[in-house]
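Take a look at the structure set out below.
The values are calculated or read from the model by the stated rules, or taken from the named source; none is laboratory data. Everything quoted here is computed from the prediction, not taken from an experiment. Cβ atoms come from the backbone with ideal geometry, glycine included; neighbour counts cover every protein chain shown.
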Amino acid sequence: MSDDPRAPQPGAQHLAEPLRSRWSPSVYDAAHRLGDDEIETLLHAAQWAPSAGNSQPWLFFVCVPGTANHDRLVATLSRGNSGWVPRASVVFVTAAHVRSGAEADAPAFSDYALYDVGQAAAHLTLQARAMGLHAHQFAGFDHDALADALGVPPSHQLLTGIAVGVPGDAGEVDERTAARDHRDRTRRPLAEWAFTGRFGEPFDAPPVAGSGT
């Protein structure tokens, strides 16, 4: 196994690009900017994600440094995210169309809205990697305050942020933020969440070469 915690881990090294090299940095180059065409390409990746019956129940708020949307987002970030999210080249905030009307008891717009927004977000992050960028998704912000600042109607629900950019100089951020990019990357084994039969009957995958098992 590589000493680099960002390197493909056992199981991941067999994945296709850009899945294999995807990871979520916390140290971004604050001077890096994306062109409007690059941002549009990222949004097109989300646009062409599959959705239930082509319902496309997603919204993406674009937050570019120096814009009002970025200021609105930064003002609501949690303490843990306020040190690194603002340095990204662009941040997208996702929302799902969850109700067909503004009333709390209005019928659901789609039974799979949250699932579909997740797929759209995943497509955007993989497109980012294919463009030589990195994406880090997060949920640490005041959802109610940001929804109010962005004028999000009751029919929609804010979900997550997606920070996109290129890695920067760890010396420009605090030690805690810098250390996040050097944590070991691990995942739960397949046997804990992939079942061949009923719940709890694990998928019995053969040992991965070089895994030490």
(request) Report those helices (runs of 4 or more DSSP H) wholly inside the range 72-189 carrying at least 3 residues which are within 30 Å of Glu17 (Cα to Cα). (result) 113-130, 175-180
(message) List the residue pairs whose Cβ atoms are under 7 Å apart, where the first residue sits in the range 18-44 and is in contact (Cβ under 8 Å) with a residue 24 or more places away in the chain and closer than 13 Å to Ala128 by Cα, the second is in a loop (DSSP other than H, G, I, E, B) and of a type in the set (Gly, Ala, Ser), and the two are 6 or more positions apart or on different chains.
(response) Leu34/Ser89
(request) Please verify whether the range 186-201 includes one or more residues that are within 22 Å of Val93 (Cβ to Cβ) and charged (D, E, K, R). (result) no
(request) Any chance you could count how many residues in the range 73-103 are surrounded by 18 or more Cβ atoms within 10 Å (Cβ to Cβ) and not hydrophobic (A, V, I, L, M, F, W, C)? (result) 8
(request) Starting from the range 119-143, keep only residues that are of a type in the set (Phe, Trp, Tyr), then list their pairs with residues that are assigned to a loop (DSSP other than H, G, I, E, B) and surrounded by 18 or more Cβ atoms within 10 Å (Cβ to Cβ) whose Cβ atoms are within a distance under 6 Å, requiring at least 6 positions of separation or different chains. (result) Phe141/Thr76
(message) So, in the range 58-90, how many residues would count as being touching a strand residue (DSSP E or B) at 6+ places or on another chain (Cβ under 7 Å) and closer than 20 Å to Ala170 by Cα?
(response) 7
(request) Please enumerate the residues belonging to the range 18-48 that are crowded, with 17+ Cβ neighbours inside 10 Å, small (Gly, Ala, Ser) and in contact with a strand residue (DSSP E or B) (Cβ under 8 Å, 6 or more places away or on another chain). (result) Ser26, Ala46
(request) With respect to Arg129, determine if the residue is surrounded by 18 or more Cβ atoms within 10 Å (Cβ to Cβ) and touching a Pro at 6+ places or on another chain (Cβ under 8 Å). (result) yes
(message) Among the residues of the range 104-121, are any β-branched (Val, Ile, Thr), in contact with a Gly (Cβ under 9 Å, 6 or more places away or on another chain) and surrounded by 18 or more Cβ atoms within 10 Å (Cβ to Cβ)?
(response) no
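Yes/no per residue for (1) more than 23 Å from Ala45 (Cβ to Cβ); (2) touching a Lys or Arg at 6+ places or on another chain (Cβ under 7 Å); (3) surrounded by fewer than 15 Cβ atoms within 10 Å (Cβ to Cβ):
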site: Leu150; (1), (2), (3): no, yes, no
site: Pro153; (1), (2), (3): yes, no, yes
site: Gln157; (1), (2), (3): no, no, no
site: Glu172; (1), (2), (3): yes, no, yes
site: Thr177; (1), (2), (3): yes, no, no
site: Arg183; (1), (2), (3): yes, no, yes
(message) Would you confirm, using the coordinates I've provided, whether Gln137 is within 18 Å of Tyr28 (Cβ to Cβ), among the polar types (S, T, N, Q) and touching a His at 6+ places or on another chain (Cβ under 9 Å)?
(response) no
(message) Going by what's in this entry, would Ala75 be described as small (Gly, Ala, Ser), more than 19 Å from the chain's Cα centre (by Cα) and modelled with pLDDT of 95 or more?
(response) yes
(message) Checking the structure you have, find out if any residue of the range 82-99 is free of Cβ contacts under 8 Å to residues at least 12 places away in the same chain and not aliphatic (A, V, I, L, M).
(response) yes
(message) I'd like the residue in the range 49-71 that is among the polar types (S, T, N, Q) and in a loop (DSSP other than H, G, I, E, B) and, out of all such residues, is surrounded by the fewest Cβ atoms within 10 Å (Cβ to Cβ).
(response) Thr67
